[in-house]
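The values are calculated or read from the model by the stated rules, or taken from the named source; none is laboratory data. Nothing here was measured: the structure is a model prediction, and the numbers come from that model. Heads up, the Cβs are rebuilt from the backbone with ideal geometry, glycines too, and the neighbour counts pull from every protein chain shown. SASA here: full protein model, heavy atoms, side chains in, ligands and nucleic acids out. Shrake-Rupley method; radii C 1.70, N 1.55, O 1.52, S 1.80 Å.
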Amino acid sequence: MSFDYDLFVIGGGSGGVRAARIAAGEHGARVALAEESRMGGTCVIRGCVPKKLMIFASQAGLMAEEMRGYGWEGAQAGRFDWEVFKQKLDAELTRLELIYTANLTKSGVEIFHQRATIVDHHTVALADGTRKTAKHILIAAGGRPALPGIPGEELGLISDDLFLLESLPRRVLLVGGGYIACEFATILAGLGCETVQVYRGDAVLRGFDRQARDLATLQLSEVGIDLRLNVTPIALERAADRIAVTFSDNSRDDFDAVIFATGRTPHTKGLGLENTGVHLDPNGAIGVDEWSQTSVPSIFAVGDVTDRVNLTPVAIREGHAFADTIFGGRARKVDHTTIASAVYLRPHEVAQIGLTEEQAQARGDVDVYATVFRPMRSMFAGSNAKVMMKLLVDPESDRVLGCHIFGPDAGEMIQLAAIPITMGATKADFDATMAVHPTAAEELVTMRQPARRHRRAIPAQAATA
Ligand code: NDP
């Protein structure tokens, strides 16, 4: 049977674009890609890239404060002009979008700027009614923000909306305690918005190392965010030009804007998957095996739509491995076990790789090398901000099981620490590495004694046997 293409990709985000480019550009496959929105997907258009630029914009106040501590009398951040920033941001995103499009075209990928749905195992329907056939279909449709399902939630915004605001809200509520809520609370407070963040748990960033979570929770309050823990909104109502919110503790408050950052779900609705028999997990994610292959042999899926590890570099790696395996004659799987990530808070970021202390303890014996200190740079300026560095070490093999950093540029540090840790480095390898002085990161190679040792309790019977 002959097909229009070897591969049809649905979704022009990180995973889809990488798969299409490698399949067409490196392996000579005939490839088409459909994207209903702007090329680049969540990361480039409404996620990582604009978010990081907003983080940079939001730190002027902290920088001015630090400079006053260094003798720059009267150093002030001045007035932030959202319109100026937004115009530059829009221009930058357009530039990146054009680069993505040009790179696809250069690789020989045919682009359809419209929605595509799946008709059968080898056929895709475009929004204009045309149908295309392909030997393989790759679904890289990403994820979408999930709302908590409370009355009046339609009055709230989601993270996508933030990049489109005409003006900044004077008083804003962030709902959630994950990556997005914490990063956006930091950004909006830094840009001068009166910011309230509510989280239903007792410390933000569930899933991260507890010590890092506690430091991040404290920092959010210290940078001027009104962080309310163990509470969650239960209803929103319009109140003149504001939004009145009722919380689970019966308190009420009103805001100019409410932003839900309560997780994301795989974007599988309306894709036509019911026509294919592709197996979906209970949360709506596309079920795939280690080769990103679905239950239908001709249909594959990568990135957030599969809800494995929802991070851009993971989607890129999955898309690349898929293209190499299917079109390059090089079978490649993605290892999802040891993946570093960072949460871009200010002044200190949270970054991690491997097991948390709690996970390592549950796994077995672990030595915890940890240090908490005030770094030279901010301490001189009079700040009490603390840095935390932690290595979790298996006492038997000496292997480093996890690394956690709370500090300035922790994201940059963990990227480098991720290399030896992915290679299977031991604590002795870290110890053998000469320090770079004076840096904060040198602490990673100078921690000599464990701060604590967790040992599995030996059952009484086994101990006496
Ligand atoms: P997360 O899963 O990180 O956080 C969701 C937050 O919302 C949690 O605090 C969760 O609470 C809370 N929540 C969930 N449901 C409800 C509810 N019904 N009512 C109240 N609170 C609720 O999701 P995000 O939206 O922050 O981010 C989505 C994904 O995007 C992340 O998982 C991450 O992979 C990726 N991302 C990565 C970034 C980075 O690498 N820097 C930046 C931004 C996003 P609880 O913890 O109690 O479940």
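Side notes on the structure shown:
- The combined condition, being open to solvent by less than 40 Å² (accessible area, probe 1.4 Å), more than 13 Å from the ligand (Cβ to nearest atom) and free of Cβ contacts under 8 Å to residues at least 24 places away in the same chain, is fulfilled by GLY284.
- The set of residues from region 422-446 being in contact with a Lys or Arg (Cβ under 9 Å, 6 or more places away or on another chain), open to solvent by less than 50 Å² (accessible area, probe 1.4 Å) and within 16 Å of VAL368 (Cβ to Cβ) comprises THR426, LYS427.
- Selection within region 214-242 - within 24 Å of SER58 (Cα to Cα) and in contact (Cβ under 8 Å) with a residue 60 or more places away in the chain: LEU215, ALA216, GLN219, LEU220, GLU222, VAL223
- For ALA24, the conditions (1) in contact with a strand residue (DSSP E or B) (Cβ under 7 Å, 6 or more places away or on another chain); (2) more than 30 Å from ALA125 (Cα to Cα); (3) among the hydrophobic types (A, V, I, L, M, F, W, C) are fulfilled apart from (2).
- Test for ALA462: is it hydrophobic (A, V, I, L, M, F, W, C), assigned to a loop (DSSP other than H, G, I, E, B) and either modelled with pLDDT under 95 or within 16 Å of the ligand (Cβ to nearest atom) (or both): no
- The single residue among ALA116, ALA77, ALA57, ALA134 that is more than 16 Å from the ligand (Cβ to nearest atom), open to solvent by 40 Å² or more (accessible area, probe 1.4 Å) and among the aliphatic types (A, V, I, L, M) turns out to be ALA77.
- Where helices (runs of 4 or more DSSP H) fall entirely within region 41-127, those with at least 3 residues that are out of contact with any Gly (no Cβ under 7 Å at 6 or more places or on another chain) and in contact (Cβ under 8 Å) with a residue 60 or more places away in the chain are at 48-57, 60-69, 82-106.
- Within region 226-256, being open to solvent by 20 Å² or more (accessible area, probe 1.4 Å) and within 14 Å of the ligand (Cβ to nearest atom) holds for LEU227, ARG228, LEU229, ASN230, THR232, ILE234, ALA235, THR246, SER248, ASP249.
- Only listed residue being open to solvent by less than 30 Å² (accessible area, probe 1.4 Å) and hydroxyl-bearing (Ser, Thr, Tyr), chosen from TYR100, TYR5: TYR5
- Residue list for region 38-54, restricted to those being open to solvent by 10 Å² or more (accessible area, probe 1.4 Å) and over 16 Å from VAL305 (Cα atoms): ARG38, ILE45, ARG46, CYS48, VAL49, LYS51, LYS52, LEU53
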